[in-house]
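The values are calculated or read from the model by the stated rules, or taken from the named source; none is laboratory data. Fair warning: this is a prediction, and the values are worked out from it, not measured in the lab. For neighbour counting, all protein chains shown are included, and Cβ atoms are generated from backbone atoms with ideal geometry for every residue, glycine included.
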Amino acid sequence: TPVAADEVLRKRALEALTAARARTTLLTECVEDGELTAQHSPLMSPLVWDLAHIGNQEEQWLLRAVAGREAIRPEIDSVYDAFEHPRAERPALPLLSPTESRTYASDIRGRVLDVLEAHPLHGSPLVDSAFAFGMIAQHEQQHDETMLITHQLRRGPAALDAPDPPGGGTAGLPAEVPVPAGPFTMGTSAEPWALDNERPAHHRHADAFFIDTTPVTNGAFQAFVADGGYTDERWWAPEGWEQIRRHGIGAPLFWRCEGGRWLRRRFGTTEPVPEDEPVLHVSWYEADAYARWAGRRLPTEAEWEKAARHDPASGRSRRYPWGDEDPTPERANLGQRHLRPAPAGAYPEGASPCGARQLIGDVWEWTSSDFLPYPGFAAFPYREYSEVFFGPGHKVLRGGSFAVDPVACRGTFRNWDLPVRRQIFSGFRTARDA
Ligand code: AVJ
Ligand code: FE
């Protein structure tokens, strides 16, 4: 019955919002208040900006747009508008204090839970299937990932802790798997909480290609470094070459060489670079250069999605590599359960029909594609989520990292960033034409 279906939606939305807030709380309670207002990197906002921005977006969409309420603190909207103020300028804004930010966000949440209990979940695209509630849970989780990046950039002793992910191993696995030529369905019109840029479902053709079974590992990337990959202009796109020259970049972010051994800084600790783990913190240019050095290329976004979703047995595209069921800890490294990617070859239960592993979770995977709208795209509910970023300036990343919550991760989910970015939890796998 519709009433029972609504109760399922309300429960799902409540769980997603509650899980997001638990993670926000963890990320903002594990350091002193002074660290919340500090700027740990000009690339990032102070953590306290993310905290109040989370509350402000929730107020704007769930209290004002959905429930028609008056603004509670209209004067702060502009302070927490990401487009008005670039990250580097945010520490100078009249920000709410840590205590005020916590109180504001929890006050908004209390009112939102009242709205969620009673508001109709039919009658407009914003509320159908509890979309706006799902969108706001995804928004908070995306900022939680951003805050985790800030934690990685911050100096000082570790503030976070988590058990290691399960082991992997590539013995017996082919280095690459084939995907035959043919059409497939890209994007979705069915996933209720899919964001505007994932829509609509449409047909695409892909020529036959091979794709790496696992993401490229640190060990493989070290071979590129040792072979002089960073000093050979042949492998680099011109803007990438310019960036590594100008900044003296010779290895992934957070790596350093000591006595001939590669070490890396990871959430307040330093450790030898684990050779069997997917490489992390590389720019699109570094991924692209590695692929060219290896005689290969990055997959296109369509190739990535076909490898992840297309089921040749049924001809359908599935929600995830393993099928239509939600992620579990046995299938993918998601949700900040671990503070690192799992070794290559982990999660056999998460393999896709073509045999590729770890397409979901572990590291965001750079693709060769620009972030562009699908045919039939319609901005919803606001142009600033996706539309203003379309174009050649941003490259698409797929699959999610260990820092992405399952609510903001699926086979159709699209992330994007500037090709110079390397503080994000980014890695890649390579491909080639068949
Ligand atoms: C989709 C991850 C690129 O963090 O800039 C957060 C998500 N949009 N608030 C970002 C987002 C508005 C966005 N990314
Ligand atoms: Fe935001």
Quiz item: Of the residues that sit in the stretch 134-153 and are away from ligand 2 (no atom under 16 Å from the Cβ) and crowded, with 19+ Cβ neighbours inside 10 Å, which one is nearest to Leu253 (Cα to Cα)?
Solution: Gln152
Exercise. From (1) under 30 Å from Gly219 (Cα atoms); (2) away from ligand 1 (no atom under 16 Å from the Cβ); (3) in a helix (DSSP H, G or I), pick out the condition that doesn't hold for Glu145.
Key: (2)
Exercise. Would you please list the contacts, defined by Cβ atoms under 8 Å and residues six or more apart or on different chains, that run from a residue in the stretch 24-48 that is under 20 Å from Leu339 (Cβ atoms) and without any contact (Cβ under 8 Å) to a residue 24 or more places away in the chain to a residue that is in a helix (DSSP H, G or I) and of a type in the set (D, E, K, R)?
Key: none
Quiz item: Leu26: modelled with pLDDT of 95 or more, within 14 Å of ligand 1 (Cβ to nearest atom) and closer than 28 Å to Pro157 by Cβ, yes or no?
Solution: no
Self-check item: Check on Pro86, surrounded by 15 or more Cβ atoms within 10 Å (Cβ to Cβ) and within 16 Å of ligand 2 (Cβ to nearest atom)
Solution: no
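Conditions (1) closer than 22 Å to Gly335 by Cβ; (2) in contact with a Gly (Cβ under 7 Å, 6 or more places away or on another chain); (3) among the polar types (S, T, N, Q), marked per residue:
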{"site": "Ala20", "(1), (2), (3)": "yes, no, no"}
{"site": "Arg23", "(1), (2), (3)": "yes, no, no"}
{"site": "Leu26", "(1), (2), (3)": "yes, no, no"}
{"site": "Gln39", "(1), (2), (3)": "no, no, yes"}
{"site": "Ala52", "(1), (2), (3)": "no, no, no"}
{"site": "Gln57", "(1), (2), (3)": "yes, no, yes"}
{"site": "Trp61", "(1), (2), (3)": "no, no, no"}
{"site": "Gly68", "(1), (2), (3)": "no, no, no"}
{"site": "Asp77", "(1), (2), (3)": "no, no, no"}
Quiz item: Just checking, which of Gly260, Gly295, Gly228 is over 30 Å from Ser189 (Cα atoms) and at pLDDT below 95?
Solution: Gly260
Quiz item: Can you tell me which residue in the stretch 49-79 is farthest from Leu121 (Cα to Cα), limited to those that are within 13 Å of ligand 1 (Cβ to nearest atom) and touching a residue at least 60 places away in the same chain (Cβ under 8 Å)?
Solution: Asp50
Quiz item: Quick one: how many residues across the stretch 391-417 are in a strand (DSSP E or B) and either closer than 14 Å to Met186 by Cα or more than 8 Å from the chain's Cα centre (by Cα) (or both)?
Solution: 10
Quiz prompt | Breaking point among (1) surrounded by fewer than 17 Cβ atoms within 10 Å (Cβ to Cβ); (2) more than 15 Å from ligand 2 (Cβ to nearest atom); (3) over 20 Å from Val112 (Cα atoms), for Gly68 | solution = (3)
Quiz item: Any residue in the stretch 90-108 that is within 16 Å of ligand 1 (Cβ to nearest atom), modelled with pLDDT under 95, more than 21 Å from Glu70 (Cα to Cα) and not in a loop (DSSP other than H, G, I, E, B)?
Solution: yes
Exercise. Could you please give the count of residues in the stretch 306-327 that are polar (S, T, N, Q) and either assigned to a helix (DSSP H, G or I) or free of Cβ contacts under 8 Å to residues at least 24 places away in the same chain (or both)?
Key: 1
Exercise. Name the one entry in Gly411, Gly345, Gly350, Gly376 that is away from ligand 1 (no atom under 14 Å from the Cβ), surrounded by fewer than 19 Cβ atoms within 10 Å (Cβ to Cβ) and farther than 24 Å from Ser41 by Cβ.
Key: Gly376
Self-check item: Matching residues, the stretch 375-412, being within 16 Å of ligand 2 (Cβ to nearest atom), of a type in the set (A, V, I, L, M, F, W, C) and closer than 21 Å to Arg318 by Cα
Solution: Val404, Val407, Ala408
Practice problem: Could you tell me which of the residues Ala251, Ala194, Ala223 is over 25 Å from the mean Cα position of the chain (by Cα) and hydrophobic (A, V, I, L, M, F, W, C)? | Solution: Ala223
Exercise. Return yes or no: is Gly400 within 15 Å of ligand 1 (Cβ to nearest atom), touching a Cys at 6+ places or on another chain (Cβ under 6 Å) and not aliphatic (A, V, I, L, M)?
Key: yes
